[in-house]
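What follows is one structure encoded as structure tokens, with my remarks underneath.
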There are 2 protein chains.
Amino acid sequence: MYRILFTLSAFLSLATVFGQNEDSLMIRKIANEILINGKAYSNLHTLTKTVGGRLSGSPQMYKAEEWGLKTLREAGAEKVWLQECMVPHWIRGGKDEAKFNIAGGNEQSLDILALGNSVGTGPNGITANVILINNYDELEKRKKEIKGKIVFYNYKFNPTLIETFHAYGDAVRYREFGASWAAKYGAVAMLTRSMTESVDNNPHTGALDYIDSFPKIPAAAIGLWDSDKLAKAITENKDVKIFLKTNAKMLPDTIGHNVIGQITGTDYPDEFITVGGHLDSWDPAEGAQDDGAGCVHAIEVLRALKAIGYRPKHSIRIVLFANEENGLRGGLKYAEEGKAKNEKHIFGLESDAGGFTPRAFSIGLRGEKLERIRSKWLPLLKEYGVYEFIAGGGGADVGPLFEMMGTPVSELIPDSQRYFDYHHSRNDVLANVNKRELELGAINMAALIYLVDLYGLD
Amino acid sequence: MYRILFTLSAFLSLATVFGQNEDSLMIRKIANEILINGKAYSNLHTLTKTVGGRLSGSPQMYKAEEWGLKTLREAGAEKVWLQECMVPHWIRGGKDEAKFNIAGGNEQSLDILALGNSVGTGPNGITANVILINNYDELEKRKKEIKGKIVFYNYKFNPTLIETFHAYGDAVRYREFGASWAAKYGAVAMLTRSMTESVDNNPHTGALDYIDSFPKIPAAAIGLWDSDKLAKAITENKDVKIFLKTNAKMLPDTIGHNVIGQITGTDYPDEFITVGGHLDSWDPAEGAQDDGAGCVHAIEVLRALKAIGYRPKHSIRIVLFANEENGLRGGLKYAEEGKAKNEKHIFGLESDAGGFTPRAFSIGLRGEKLERIRSKWLPLLKEYGVYEFIAGGGGADVGPLFEMMGTPVSELIPDSQRYFDYHHSRNDVLANVNKRELELGAINMAALIYLVDLYGLD
């Protein structure tokens with residue numbers, strides 16, 4: 001690409017031609033502030049490089065909370081505080097190991113990561129025959145063969161689903177419940193293909209959820225190349241043994257915190273708009289896309305509105321939620337306390353799908369209300385990437401606001417194609433975040449908060 | 001992000017609910033073919049890893065042509081040929097070097113790349129004082145200070161332009177014409193800030209265009225960190241000297257080729273639809289996004305239509321254009337020969353803005369014709385990423401089809417945020433291409449070609 005493209009200027013003027021002129025100018029101001037003086041990327045740099053992975057209960061969790069308080073203050077929050085909640089305290093406990101061998105053959109190593117919340121194998125590891133299970137139906141059919149074995153789920157992402165979150169939604173039950181399903185039939189451990197469609201071999205961890213009625217067995221995720229290698233070995237040979245050693249342990253719950261910063265509203269100080277991401281992240285990397293991006297998005301909303309001199313009518317709260325990854329205790333606590341105090345929450349917005357170029361908002365509205373914001377607000381946002389409001393809901397952390405108080409909630413929907421390349425793997429690092437893509441997310445979120453503050457959703 | 005998002009399913013069913021059902025099914029078939037059996041990424045792997053950078057006239061140019069012939073045949077082209085054209089033959093000639101020192105201070109090196117088409121400094125390099133020029137107006141104002149100096153243009157990308165191609169369009173004239181502007185006033189060499197907004201220090205090369213009336217002086221691009229460092233040094237000190245050594249040379253024109261593959265139409269074999277990208281690329285890297293992506297996009301259109309058994313009514317030609325980067329000889333040759341043979345070209349589609357998630361097509365239609373395809377075709381494409389037809393034109397290579405024959409032309413508009421991080425720099429490598437993003441580009445292009453072939457543009 002050498003020549004200049006003049007053809008795109010249509011995009012640039014859309015908002016001013018069709019949109020409400022004053023709002024369009026205000027959103028332009030927000031955008032310029034974020035694109036010229038933005039702190040989202042440098043804040044993310046500090047979080048990822050000085051704190052890094054920050055799983056609930058870890059020392060880094062407390063460092064991240066300190067970072068959150070400081071960064072919210074610097075962004076211009078008028079009031080900053082910690083909201084205590086008990087969080088699970090799972091530790092990996094050392095390097096995860098796995099290898100397999102075909103009877104009479106050489107040992108081959110597998111690149112694995114123990115799943116969050118899983119139990120460890122003990123110091124001697126587990127050696128057992130492995131059974132390849134491609135899907136749930138196959139597990140049920142072969143239930144009599146499971147006893148004493150390691151179950152290996154090789155269920156694949158469906159590549160034909162355009163939104164990768166759909167493929168994740170389809171596959172992730174094997175990570176979440178696969179261990180208990182296998183334990184029900186006597187399996188001694190569980191391995192699963194990683195929840196990704198990436199072109200590398202990095203394993204992707206993430207939480208499992210043991211079902212109480214069955215024994216808790218060790219569980220880990222395998223990278224895609226190694227999953228294919230193992231599946232091939234099992235398909236071609238009767239007798240494949242695996243050695244698995246994980247050191248994971250669930251310790252007693254410990255104290256964690258939501259980190260909250262507020263600007264108090266001029267007209268309705270007791271009505272709250274919440275904007276958040278989650279502060280915890282998995283340990284193999286830096287939690288850059290999941291969900292450092294969401295945290296710095298939320299903080300940037302406050303910073304930009306403040307920097308351009310906008311005084312919100314409602315109180316705006318930025319919440320860096322604790323423990324989304326393996327418990328959701330922060331999101332639950334925030335809504336519970338709001339309900340207990342009888343707070344009026346008029347809107348909740350979350351960013352937890354990465355700092356990629358935005359395409360849409362999912363929002364908990366239907367019918368006329370939805371059509372109204374589509375026709376009025378999309379022309380204002382389209383220039384900055386968002387061209388759709390999808391009837392849906394918010395993310396995990398603002399979900400309880402809706403469930404407990406009926407608050408309309410929303411989530412930023414960025415382009416999803418790269419998300420699961422990084423998600424819960426060693427690749428979730430700052431180098432895989434693009435500064436401008438990240439900033440566009442913050443622009444659209446700040447614009448939506450401005451519009452909701454000014455016009456409401458009714 | 002741990003929980004499952006159910007909210008996006010609205011996206012999935014849009015096309016079938018609102019679109020023409022048969023076309024929607026056909027496009028779904030195309031999409032599944034590309035997402036399940038796609039060859040775009042593996043073809044790009046071969047091109048980037050076995051050929052690499054492939055500037056006009058280089059040995060790699062010929063290797064790339066061989067790759068093109070072979071890959072088009074494998075994709076199912078019924079007829080494959082080379083179309084000869086003379087191409088410029090510029091060589092870098094060795095490692096580019098630059099350093100500066102403030103009078104009495106230490107030497108500091110600058111990371112540079114000589115600009116394409118530039119002359120070299122000679123084996124001893126050039127040592128001269130440097131003058132900092134922030135924009136064209138400043139050059140004019142300070143024209144009497146230029147003589148005998150090295151001009152350093154430090155014009156920056158405008159971060160507030162959402163489409164990065166606009167910032168490029170605004171800044172690139174310094175790279176294209178800055179050397180001649182400076183030479184007009186007696187400068188001995190030119191350096192320019194790189195055409196990027198990246199967060200690293202990689203220099204970005206690209207073609208310059210000497211204006212015949214002025215002497216040809218050496219010219220190179222500097223990475224952003226070094227540009228800032230140099231600008232600061234000049235601003236704070238009167239006497240900053242630069243040593244510049246480039247080894248570039250323009251050799252006589254040599255023979256190059258457009259690589260063309262065709263499926264002949266069933267109903268209108270003598271009416272042509274052209275789909276293309278350019279085969280040449282700059283030498284510092286692999287030409288993965290610019291424009292390996294466009295080449296494999298175009299080939300994948302043919303492969304997918306053939307694979308699903310679609311027989312086009314018109315003849316479809318895939319053209320891997322020669323020499324887009326520093327001459328456009330391939331694009332010109334293709335249109336000239338078409339015109340000379342009185343060929344009827346009904347549509348030209350280009351991909352030369354990277355293999356990122358698609359957002360739009362730019363297309364050379366206005367008024368009712370544009371509205372018609374907007375209302376009929378966007379509902380079919382939206383699920384796959386394209387939500388807009390922008391009144392505009394094609395890219396550089398299909399441009400001559402419009403200029404010489406009035407053919408309506410179009411270009412894929414992918415998300416642009418990352419493009420100039422890689423463009424013409426050492427970072428334009430396969431690792432910076434996402435497989436699924438690349439495939440979505442091919443899906444939308446194949447769908448558009450299918451629709452144009454079936455319904456035309458009138």
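Each reported figure results from applying straightforward, stated rules to the coordinates on display, with no laboratory input. Remember, predicted model here, so these are calculated numbers, not experimental data. Glycine also receives a Cβ, built like all others from the backbone with ideal geometry; neighbour counts cover every protein chain displayed.
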- Message: Which residue, A:Asn154, A:Gly186, A:Thr196, has the largest displacement toward the positive end of the dipole of segment A:152-198 when charges sit on each Cβ (Lys, Arg +1; Asp, Glu -1)?
- Response: A:Gly186
- What Kirkwood hydrodynamic radius do you get for segment B:200-259 when you take the inverse of the mean 1/r over all pairs of distinct Cα atoms, in Å? 15.1
- Note on the structure: A correct Karplus calculation of ³J(HN,Hα) over segment A:221-226, with 6.51 cos²θ - 1.76 cosθ + 1.60, θ = phi - 60°, whole Hz and x for Gly and Pro, returns 9, 10, x, 5, 5, 5
- Note on the structure: Magnitude of the Cβ-charge dipole (Lys and Arg +1, Asp and Glu -1) of the protein assembly as shown about the Cα centre, nearest 20 debye, reported as 960
- Looking at the axis that maps chain B onto chain A, which chain B residue has the closest Cβ, and how far off is it in Å, rounded to a whole number? B:Tyr387, 3
- Task: Percent of Cα-Cα pairs per 5 Å bin, from 0 to the last occupied bin, for segment A:242-283, please list those.
- Result: 5, 11, 14, 16, 11, 10, 9, 8, 5, 4, 3, 2, 1
- Which Cα, out of B:Ala219, B:Val301, B:Tyr268, lies furthest along the positive dipole direction of chain B (beta carbon charges, K/R +1, D/E -1)? B:Ala219
- Note on the structure: Here P(r) for segment A:51-98, Cα-Cα distances in 5 Å bins, as whole percents, is 5, 17, 21, 20, 15, 10, 5, 4, 2, 1, 0
- Message: I'd like the mean, over residues of A:348-359, of how many other protein chain beta carbons sit within 10 Å of each residue's own Cβ.
- Response: 2
- Note on the structure: With only helices counted (DSSP H, runs n ≥ 4, each -39500 (n - 2.57)), the per-residue ellipticity at 222 nm for chain A, to the nearest 500, works out to -11500 deg cm²/dmol
- Message: Taking just the alpha-carbon atoms of segment A:174-324, what radius of gyration and Dmax come out, in angstrom?
- Response: 22.0, 72
- What base-10 log of the normalised intensity I(q)/I(0) is obtained for the protein assembly as shown from the Debye formula, alpha carbons as equal point scatterers, at q = 0.05, 0.07, 0.09 Å⁻¹? -0.31, -0.61, -1.01
- Where does segment B:54-180 land on Rg(C-alpha)/(2.2 N^0.38 Å)? 1.50
- Label spacing, shortest first and in nm, from A:Arg374 to its equivalents in the remaining copies (7 angstrom along Cα→Cβ): 1.7
- Item | Ranked list, fewest to most other Cβ atoms within 10 Å of each Cβ, for A:Ser213, B:Ser362 | A:Ser213, B:Ser362
- Position B:Leu454, label points 7 Å along Cα→Cβ, spacing to each other copy in nm (shortest first, one decimal): 4.3
- Considering only the label points, 7 Å along Cα→Cβ from Cα, what distances in nm to one decimal separate B:Tyr62 from the same position in each other copy, shortest first? 6.8
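When the gyration tensor of chain B is built from Cα positions, what are the square roots of 5 times its three eigenvalues, in whole Å, from largest to smallest?
42, 24, 19
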- Dividing the convex hull volume of the Cα atoms of segment B:332-451 by its residue count, what figure in Å³ per residue is obtained? 111
- Query: Can you put A:Val80, B:Val398 in order, fewest other beta carbons within 10 Å first?
  - Reply: A:Val80, B:Val398
- Fewest-first ranking of B:Val199, A:Val296, B:Val259, using other Cβ atoms within 10 Å as the exposure measure: B:Val199, B:Val259, A:Val296
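Mind giving me the FRET efficiency for A:Thr46 and A:Lys184? R0 is 41 Å, r the Cβ-Cβ distance, nearest 0.05 is fine.
Details: r = 46 Å, r/R0 = 1.11.
Plugging the Cβ-Cβ distance into 1/(1 + (r/R0)^6) gives 0.35.
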- Item | Largest to smallest principal axis extent of the C-alpha atoms in segment A:93-247, angstrom | 43, 35, 35
